[in-house]
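The values are calculated or read from the model by the stated rules, or taken from the named source; none is laboratory data. These numbers come from a predicted model, not from an experiment. Cβ coordinates were reconstructed from backbone atoms using ideal geometry, including for glycine residues, and neighbour counts include every protein chain displayed. Just the protein is used for accessible areas: all its heavy atoms, side chains included, with ligands, DNA and RNA removed. Shrake-Rupley method; radii C 1.70, N 1.55, O 1.52, S 1.80 Å.
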Amino acid sequence: MEPKLRRLRWGPRETIFHQGGPVAGLYVLCQGCAKLVFRTPLGKELLIRFCRSGDLLEGVLSEEHVMSAVSVDGVAVSLIPSEVALELLKSQPELAVEVARRLSRDRHMLLGRLAYLAYGSVRERLVKGLLELGKRYGVHCEQGLLIDLPLSQGVLADLIGASRQKVNLTLRKFASQGIIRTERGRITILDQQGLQELW
């Protein structure tokens, strides 16, 4: 059976799907960068994770989206309708195993983040967040490890559940210690060992 893919496109900072909306199928990011965001009952936004080409934005086992997906830049998404995706997973066990593996990896990452969000100081949360981003999106360069994502102070604040002001102060302290460098919305980790020791 050939999957009935729908290729959909969004421009920068557009909502791909809304938290609480009905799940239409299996969303696979094919091009660009997106982020998954959870909105609390008090209206606060928590950045769950970034997604890159090949990542699953949403599975098909939920009836409604548990978070929103927002494009960071222009994105292309393949949508496999729910009934087609379920049949595809049944007929191709190796695909079902891969989907389960990716969802399990995301769950493991989220549980780790939950622990440091609940108990860590702003400094500890920012250290852990930068290390996590560096591990997943880091590109080695002459100066160190460039996190290849647009990371404004507001984005980092949403990632670690802190105010923009506290993130700003902590980033400046890390920079003054020679641990990171910030430039035009990009962060380079200059001293990974030094950053790790702050955790």
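Table for the structure above
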quantity	calculated
Mean separation of Cα contacts under 8 Å, 6 or more apart, over the residue count of the stretch 6-108: relative contact order %	38
Qualifying GluC sites (Glu not before Pro) in the stretch 57-108, DSSP loop, other Cβ atoms within 10 Å at most 14	GLU63
Accessible surface ranking that places the most exposed of LEU149, LEU103 first, with a 1.4 angstrom probe	LEU103, LEU149
Carbon plus sulfur fraction of accessible area for the chain, probe 1.4 Å, in percent	53
Evaluated over the stretch 100-145, the Cα radius of gyration and Dmax, each in Å	12.7, 37
Pairwise Lys count, the chain - Cα closer than 24 Å, eight or more residues apart or different chains	11
Where only alpha carbons of the stretch 15-138 are counted, the Rg and the Dmax (Å)	15.3, 48
The stretch 69-199 - Rg and Dmax from Cα coordinates, angstrom	17.9, 56
With Cα atoms, 0 to 90° folded angle of helix 93-119 axis to the chain main axis	30
Average accessible area per residue (Å²) across the stretch 51-199 - probe 1.4 Å, nucleic acids and ligands excluded	54
Cα-centre dipole for the chain with unit charges at Cβ (Lys and Arg positive, Asp and Glu negative), debye to 20	620
Average Cα contact separation per residue, the chain, under 8 Å, 6 or more apart, as relative contact order %	20
